[in-house]
Structures are given as C-alpha cells and as structure tokens.
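Inspection log for the structure reproduced underneath, given as structure tokens.
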Amino acid sequence: MRRKFLQTSILLVLCMIFSSIAALSQNDTLSFLHITDAHLMFNLENYDPQIVHHREYTRLYKEANTMFAEFMETIPDNTGSDMIIASGDVIDFYDAKTSEGNTLAYQIELFTRYLDRYHYPFFMTLGNHEIFSYRWGEERVIPDQLKAGEAKAAWIRNMDVFRDGTYYSRTFEVGSANYRLIFLDNSYYQFNKEENVVNPHIDKPQLHWLKSELAASEANNQNVIILMHIPFSDKSVQPESENELYKTVTDSSVVKLILSGHHHRDVVKCFPTKGGGEVIQVETSALVNSSKNWRLVQLTENQLSVSFTGKIESEIVLPLK
C-alpha cells in the first residue's frame, strides 16, 4: 500500500512539473491568424434578387461562406494558433432591401450565431461593410452608411468583443515582453468631397482614446500592434493631408505593426516614425476569394513575425529592442 502511495505521489509530482513546463512554454509564444474581408452573407432568399445577384455573381462573393468555413475548420488547428483576428468586412452588409421594398437587418445576429459553432477566441474590427445598407438603383447596388449608429449599436449588443464599444484594446504578456493590441474603428468613410477628410479616419473621441492607449503603452514598455480595416494610403501619409490618425501613430515609438485589409490585396509598406524608427503596415488578401488568404502572426519576447499569405514561413521579422 505504501509503495502504491509513493508511486501515485511521484506521478502527481511529475504531472505537476510537466504541466508547469507546458504552461511556461505556452507563454513563450502567442500566435494568431490574421484574416480580413470575408464578406459573409446569410438567408439571401429574403432579399431583393437583384442585390443578391450583384453580390454573388458580379462581385463574385457566392462562395464567401464556404471559404470562411474551410478556413475555420482547418487552419486554426493546423497552425496551432491561439486566436483569430479579423480586420473588418467579416459580413457584407448590415441591412438591405427586400423585393417588396422593406428593410431586413439581421446579418449581425446570424453571423454571431454562426460563429458560435467554432470554438476559437475571435477578435475583430469593424469595416465599412459592417455598417453598410444596400438598396438597388441605377442598375447597381447603392450602399450607404446612414445607419452607422444603429449598426454599431447592434454589434455592441451581439458581439462580446465590442461590449465596451466598437474600439478597444487587449494586453498580453509573452515571456518577458508585453504587447498591446489596439482595435480601431475606422469603418465610416463616406465623407463629402468638401469635407476634405482623407481616409482612414477616426473621430475625435476615439483619437483621444488612442493617444491615451499609446501613452500607457509607452509608460509600460509595451509593443503595440494596431488592427484597423482601412489602411494608410500614399495620400493619407502626405503632410498636406493632415491625417490625424497617421500623425498619432507615427509620433509613437511603441507602434511596431499595423494589420489591415479593405483593398483585397497583399501589400507591405513601411512608414517612418518620429523617433527615427519605422512602423510596418501589412495588408492581407480577402478571405472571400480563397480560404488560403490568411497570415500567421507570432509574438515572442524577442521578436514578432508575420507570415507570407497562406504560409507559415515568415515574410516579416521584427526584432524587439
């Protein structure tokens, strides 16, 4: 009996040791999959057939839900990722007209129910399509963002990551390094020409919040990754554009990486920062076009890396100071 007790005790101790080692090793790397522009659509039989035909065949989004399912059912497990981050346009529209001229607005609710079948931590930002309303006219789909407030309220009600609002941050400790992921909401972009607004744009309250987040990151020696849907363009980085978002980001010494989408392409750009460094902006191709359009981002205490699209091999490696 004593021998059996000792054997059991030894096994328990060994299990505790191995569990501790496993937990420690998990903290050495944090990895996530970056996706964007999935353009999911649900219950299309209830909408104006002309709108549906345009989205499925003119825009070639008929396989959107299939591409998302193929990705979710294979890539997270195959890459051993800790979470998934989508930088906007996860769904194709907030509401749209029916053939009778009524408006149906339940894409957000259907998406969140659909997402429940997959048991992975899922973070996202809003894109312009998350707040789009569709109607048919002039032989085309006409989108507007006039219900942006209504749409954002629905996202806050239905999506847990937005429980405190449509922009937010999360902090992570990876070994001895600290990371802050900042999720911006630059989904509204339909400005009039006379307003002289150069996208990407965030409003003043969010801008002041962002400055506070960056100040906190500088005080706590954190490395910042910014997630936003609409990326900086060549026009928005010019001094004459007076883009406050660009100035705020590049004035900070702690922003290392920007992940975005919107243009359905793979592009990497570098922007100089005020302190003589640089911030790298990465755009990822649209998931609606292929379930292979994803990037693996890995964070360690010494570096962060971003893979080529659809591969685990690194395209970008950023050493941390």
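The values are calculated or read from the model by the stated rules, or taken from the named source; none is laboratory data. This one's a predicted model, so the numbers in the text were calculated from it and none came from an experiment. No Cβ is skipped: glycine too gets one built from the backbone with ideal geometry, and neighbour counts run over all protein chains shown. Side chains included, ligands, DNA and RNA excluded: accessible areas come from the protein's heavy atoms. Shrake-Rupley method; radii C 1.70, N 1.55, O 1.52, S 1.80 Å.
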Output for the stretch 31-46, where each listed residue is crowded, with 23+ Cβ neighbours inside 10 Å and either polar (S, T, N, Q) or free of Cβ contacts under 8 Å to residues at least 12 places away in the same chain (or both): T36
Matching residues, the stretch 134-149, being within 18 Å of T58 (Cα to Cα) and part of a strand (DSSP E or B): Y134, R135, W136, G137, R140, V141, I142, P143
Positions within the stretch 133-171 being farther than 30 Å from P49 by Cβ, open to solvent by 50 Å² or more (accessible area, probe 1.4 Å) and aromatic (F, W, Y), in sequence order: Y167
Test: residue in the stretch 205-226 that is open to solvent by 10 Å² or more (accessible area, probe 1.4 Å), of a type in the set (S, T, N, Q), touching a residue at least 60 places away in the same chain (Cβ under 8 Å) and in contact with a strand residue (DSSP E or B) (Cβ under 9 Å, 6 or more places away or on another chain): yes
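Please work out if F123 is open to solvent by 20 Å² or more (accessible area, probe 1.4 Å) and at pLDDT 95 or above. Talk me through it step by step, then tell me what you get.
On the way: open to solvent by 20 Å² or more (accessible area, probe 1.4 Å): yes; at pLDDT 95 or above: yes.
Spelling it out, F123 is indeed open to solvent by 20 Å² or more (accessible area, probe 1.4 Å) and at pLDDT 95 or above.
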Count of residues meeting criterion [under 30 Å from A69 (Cβ atoms) and either open to solvent by 70 Å² or more (accessible area, probe 1.4 Å) or of a type outside the set (A, V, I, L, M) (or both)] in the stretch 266-321: 23
Hits in the stretch 231-243 (condition: in contact (Cβ under 8 Å) with a residue 40 or more places away in the chain and open to solvent by 10 Å² or more (accessible area, probe 1.4 Å)): S241, E242, N243
